[in-house]
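The values are calculated or read from the model by the stated rules, or taken from the named source; none is laboratory data. If you're wondering where the values come from, they're calculated on a predicted model, not measured in any experiment. Cβ placement follows ideal geometry from the backbone for every residue including glycine, while neighbour counts extend to all protein chains displayed. Note: accessible area is taken over every heavy atom of the protein model, side chains too, but ligands, DNA and RNA are not part of it. Shrake-Rupley method; radii C 1.70, N 1.55, O 1.52, S 1.80 Å.
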Amino acid sequence: MAASCVALLALLLLLSVLLVGLWKRGRQAGRARHVVVVVLGDVGRSPRMQYHALSLAQSGFSVTLLGFYNSKPRDELLQSDRIQIVKLTDLRGLGAGPRILQYGVKVVFQAVYLLWKMMRTDPAAYIFLQNPPGLPAIAVCWFVCCICGSKLVIDWHNYGYSIMGLVHGPRHPIVLLAKWYEKFFGRLSHLNLCVTHAMREDLAENWCLRAVTLYDKPASFFKETPLDLQHELFMKLSRTYSPFQSCSEPSDPDTERSAFTERDSQSRVVRRLHGRPALLVSSTSWTEDEDFSILLRALEKFEQQALSGDSLPSVVCVITGKGPLREHYRHLISQKHLQHVQFCTPWLEAEDYPLLLGSADLGVCLHMSSSGLDLPMKVVDMFGCYLPVCAVNFKCLHELVRHGENGLVFKDAEELATQLQMLFSKFPDPAGKLSQFRKRLQESEQLRWDESWQQTVLPLLVTHK
């Protein structure tokens, strides 16, 4: 009991010191062109917030980006003289005590730690916050805004409580508390952005909160990869991952050959190999809202069709990303012994991921959305590379994928297997369905992130000075 009182007094003392420090800093001038971007997650795996930081910098703002630094962000971010990255430290290793107690300690630590870190940054005109995760970041950022006179901009990617509900169940006390917290503090923001019209309507109807839809758009570096860069990427990956290695040795030992391409030793010209496998790509955070058993079952059915004599290619299935369920699915994959399908689960460098998408033949998305109100950014990136996509259906997917027009939508493994068979039939047939989808994407006029941000977000910042 005494220890608890001491801890409480220490916390109150720290908050008092921070309050005084923030008050002093809030009186300083020069914050009009400074923005703080907060990600209570891995910066390298938060592309939308990286794009916000880059767009703000390109518009003349100085940016302080706070977040965990578990994965390397894009080089453009690291090289910008207008962007300063402040690394946050995650609290790990709480193995003792009930789970709810561990969670409570972590939230308190993050609140005090984030407040301390934000106190040490220069005063800002705006604080951009990614949500989720918003616990405890929304309350902390709102508190800092009150002291410094900043305006809080929440970018709603999803609802944090809905993601927690996948683990604990929707009626669990922690989930209900998180929902109340998100609603209460979310309403204290000055500006709100969201990723779909469906979410905008839900925020207005159920949260009494006005938001502006800022669709995810591909950055300019998501594009088709030239053949010579494809070859360099394949050769690089072949040094670590066997599915990218050539199944046969070239007659000329100086010829570079991957599973998909080869470079002539004399002319240095790169060509695609005859009879090459199809490259299927999916990316994931390996969380509960993506069921990769659907893809595994579909590829098993595809294997059966290939063995039965259908004119189908071999497939290299690359699933990129990090997350809590990665090892679970890697174990399931290791138990599959398929003749016509090989699996690869790399974590790619930030600069290699767009190159892989621009080199692939088909993208598959298994994102189901815990709230039914957000859209998979991976599909946006795939479309930016003119990569045809098969996506599992959910409530608002139609805002991005239009079945039969710019992609295909499926509901289960059987439908996905049928789509794979149709798209890969007589691969790589230039008159096939796969090529037709790619051609439609190439002919479509896609708005890029920079243009969309300039049209949607920048006017809001000018209006709310």
Residue satisfying condition, being part of a helix (DSSP H, G or I) and either free of Cβ contacts under 8 Å to residues at least 40 places away in the same chain or among the small types (Gly, Ala, Ser) (or both), within set 419, 454: 419
Any hit, segment 373-385, residues being farther than 20 Å from residue 47 by Cβ and in contact (Cβ under 8 Å) with a residue 12 or more places away in the chain: no
Qualifying positions in segment 228-279 - charged (D, E, K, R) and assigned to a loop (DSSP other than H, G, I, E, B): 239, 249, 252, 254, 264, 268, 276
Selection from segment 43-74 of residues that are open to solvent by less than 20 Å² (accessible area, probe 1.4 Å), over 17 Å from residue 218 (Cα atoms) and at pLDDT 90 or above: 43, 57, 61, 63, 64, 65, 66, 67, 68
Which numbered condition residue 225 fails, given (1) assigned to a helix (DSSP H, G or I); (2) under 29 Å from residue 330 (Cβ atoms): (1)
Residue in segment 129-175 that is surrounded by the fewest Cβ atoms within 10 Å (Cβ to Cβ), counting only those that are among the small types (Gly, Ala, Ser) and closer than 21 Å to residue 189 by Cα: 149
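Yes or no, residue by residue, for (1) within 22 Å of residue 137 (Cα to Cα); (2) out of contact with any strand residue (DSSP E or B) (no Cβ under 9 Å at 6 or more places or on another chain):
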{"position": "165", "(1), (2)": "yes, yes"}
{"position": "187", "(1), (2)": "yes, yes"}
{"position": "200", "(1), (2)": "yes, no"}
{"position": "206", "(1), (2)": "yes, yes"}
{"position": "211", "(1), (2)": "yes, no"}
{"position": "236", "(1), (2)": "no, yes"}
{"position": "256", "(1), (2)": "no, no"}
{"position": "259", "(1), (2)": "no, no"}
Residue that is farthest from residue 123 (Cα to Cα) [pool: residues in segment 75-98 that are modelled with pLDDT under 90 and touching a Phe, Trp or Tyr at 6+ places or on another chain (Cβ under 8 Å)]: 91
Filtered residue count, segment 295-331, keeping only those that are over 22 Å from the mean Cα position of the chain (by Cα), aliphatic (A, V, I, L, M) and either loosely packed, with under 13 Cβ neighbours inside 10 Å or in a loop (DSSP other than H, G, I, E, B) (or both): 2
Qualifying residue in segment 390-409 (condition: touching a residue at least 40 places away in the same chain (Cβ under 8 Å) and farther than 29 Å from residue 162 by Cβ): no
Of all residues in segment 422-434 being touching a residue at least 12 places away in the same chain (Cβ under 8 Å) and among the hydrophobic types (A, V, I, L, M, F, W, C), the one that is surrounded by the most Cβ atoms within 10 Å (Cβ to Cβ): 424
